[in-house]
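Colleague: Encoded as structure tokens, here's the structure I'll be asking about.
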Amino acid sequence: MDKNYTDTRLSYLSWLCELVGYRDKERIDAGGYIFLLKALYEKEFYWTVEMDANRAEEGKALRDEFADGVVPDAINGPCSVLEMMIGLARRWDSEVSSDLDSGKSESYFWIMIKNLGLEGCVDESFDPEFVDRKLDILLERGYSKDGKGGLFPLKTGKDDLRKVEIWYQLQRYLMENYDF
């Protein structure tokens with residue numbers, strides 16, 4: 001692997017980390033999450049519900065923003081879980097705010113991290129196997145039918161969220177938690 005390829009990937013990962021507030025002093029004081037963010041970046045996002053392909057496309061759109069529309073080979077390829085979650089957090093932000101860039105997408109990203117049970121995965125005690133299991137549960141829809149263990153757990157609901165696309169899971173989560 002050549003140096004430019006590696007430098008581009010590292011620059012992109014750093015940029016993604018900044019989008020979710022990794023450089024935020026409070027997050028760094030909490031122990032740091034660079035290992036977690038790197039694991040999310042290295043894990044390919046795939047879907048079992050057809051319309052979740054849209055989440056992958058939103059995640060991959062971040063590359064265009066980073067590279068000014070000319071995506072280098074170093075960051076081309078399948079969408080990562082990190083990209084999907086950042087894209088979804090931005091979409092969430094635009095859904096609850098009249099301002100398309102209200103700046104809350106960072107907070108929404110960390111809510112999803114908490115919902116997945118990954119908020120304790122700080123660098124000092126990072127367990128890659130634990131994170132990988134949690135991500136497999138997300139990707140394979142191995143969470144409970146009410147969404148616990150996934151991105152958007154609900155307190156109520158009759159439908160099996162394992163069969164519902166992520167976008168509609170978010171909509172239900174918003175209705176239950178944000179008075180929509």
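Values in this text are rule-based calculations from the coordinates and carry no lab data. Being a predicted model, the structure only gives us computed values, none of them experimental. In this analysis, Cβ positions are derived from the backbone assuming ideal geometry, glycine residues included, and neighbour counts consider all displayed protein chains.
Colleague: Summing -39500 (n - 2.57) over the DSSP H runs of n ≥ 4 in the chain and dividing by its residue number, what mean residue ellipticity at 222 nm do you reach, to the nearest 500 deg cm²/dmol? Spell out each step's value before the answer.
Modeller: Numbers: 8 runs with 98 residues, N = 180.
So the helix-based figure for the chain works out to -17000 deg cm²/dmol.
Colleague: Please give the charge dipole size of the chain, origin at the Cα centre, charges +1 on K and R Cβ atoms and -1 on D and E Cβ atoms. Round to the nearest 20 debye. Walk me through the numbers before you get to the answer.
Modeller: Details: 24 positive and 36 negative charges, 106 e Å.
Here the size comes out at about 500 debye.
Colleague: Continuing with the same structure: Cα centroids of the range 63-123 and the range 126-180: how far apart, whole angstrom?
Modeller: If we compute the Cα centre of each part, the gap is 16 Å.
Colleague: Moving on to the next point. I'd like the trypsin sites (Lys or Arg not before Pro) in the range 125-173 restricted to DSSP loop residues with at most 11 other Cβ atoms within 10 Å, sorted by number.
Modeller: Details: sites: Arg133, Lys134, Arg141, Lys145, Lys148, Lys155, Lys158, Arg162, Lys163, Arg172; in loops: Arg141, Lys145, Lys148, Lys155, Lys158.
Passing sites in the range 125-173 are Lys155, Lys158.
Colleague: Between Asp123 and Asn4, what's the calculated FRET efficiency when r is the beta-carbon distance and R0 is 22 Å? Round to 0.05. Could the numbers behind the result be given before it?
Modeller: Numbers: r = 27 Å, r/R0 = 1.25.
Rounded to the nearest 0.05, the efficiency is 0.20.
Colleague: Quick one: net charge around Val49, please, counting Lys, Arg +1 and Asp, Glu -1 for every other residue with C-beta under 12 Å from its C-beta.
Modeller: On the way: positive: Arg55, Arg141, Arg162, Lys163; negative: Glu50, Asp52, Glu140, Asp160, Glu165.
With Lys, Arg at +1 and Asp, Glu at -1, the net is -1.
Colleague: With contacts defined as alpha carbon pairs under 8 Å and 6 or more residues apart, what's the relative contact order of the chain in percent? Mind dumping the intermediate values first?
Modeller: Values: 228 pairs, mean separation 39.0, N = 180.
This gives 22 percent for the chain.
Colleague: Between Met51 and Ser14, what is the spin-label point distance in nm, taking each point 7 Å from the Cα along the Cα→C-beta axis?
Modeller: For Met51 paired with Ser14, the spin-label model returns 3.9 nm.
Colleague: If you don't mind, another one. Find how much the distance from Glu44 to Arg133 grows on full extension, using 0.36 nm per residue of separation minus their present alpha carbon separation; answer in nm with one decimal.
Modeller: Details: separation 89, 0.36 × 89 = 32.04 nm, distance 1.36 nm.
Separation in residues times 0.36 nm, less the Cα-Cα distance, equals 30.7 nm.
Colleague: Multiply the residue gap between Lys145 and Gln171 by 0.36 nm, knock off their C-alpha separation, and tell me the result in nm, one decimal place.
Modeller: Details: separation 26, 0.36 × 26 = 9.36 nm, distance 1.59 nm.
Result: 7.8 nm gained on full extension.
Colleague: Find out how many positive minus negative residues lie around Lys155, taking Lys and Arg as positive, Asp and Glu as negative, among other residues whose Cβ is under 9 Å from that of Lys155.
Modeller: Working: positive: none; negative: Asp146, Glu176.
Its environment carries a net charge of -2.
Colleague: Taking only Cα atoms, what is the 0 to 90° angle, nearest 10, from helix 166-177's long axis to the longest principal axis of the chain?
Modeller: The angle comes out at about 60 degrees.
Colleague: Right, something else. Find which of Val71, Phe35, Leu16 sits farthest along the positive direction of the dipole of the range 3-177, computed with +1 on the beta-carbon of Lys and Arg, -1 on that of Asp and Glu, about the Cα centre.
Modeller: Of the candidates, Phe35 comes out farthest on the positive side.
Colleague: Please give me, ordered by residue number, the GluC sites (Glu not before Pro) of the range 39-124 that lie in loop per DSSP and have at most 16 other Cβ atoms within 10 Å.
Modeller: On the way: sites: Glu42, Glu44, Glu50, Glu57, Glu58, Glu65, Glu83, Glu95, Glu106, Glu119, Glu124; in loops: Glu119.
Sparse-neighbourhood loop GluC sites (Glu not before Pro): Glu119.
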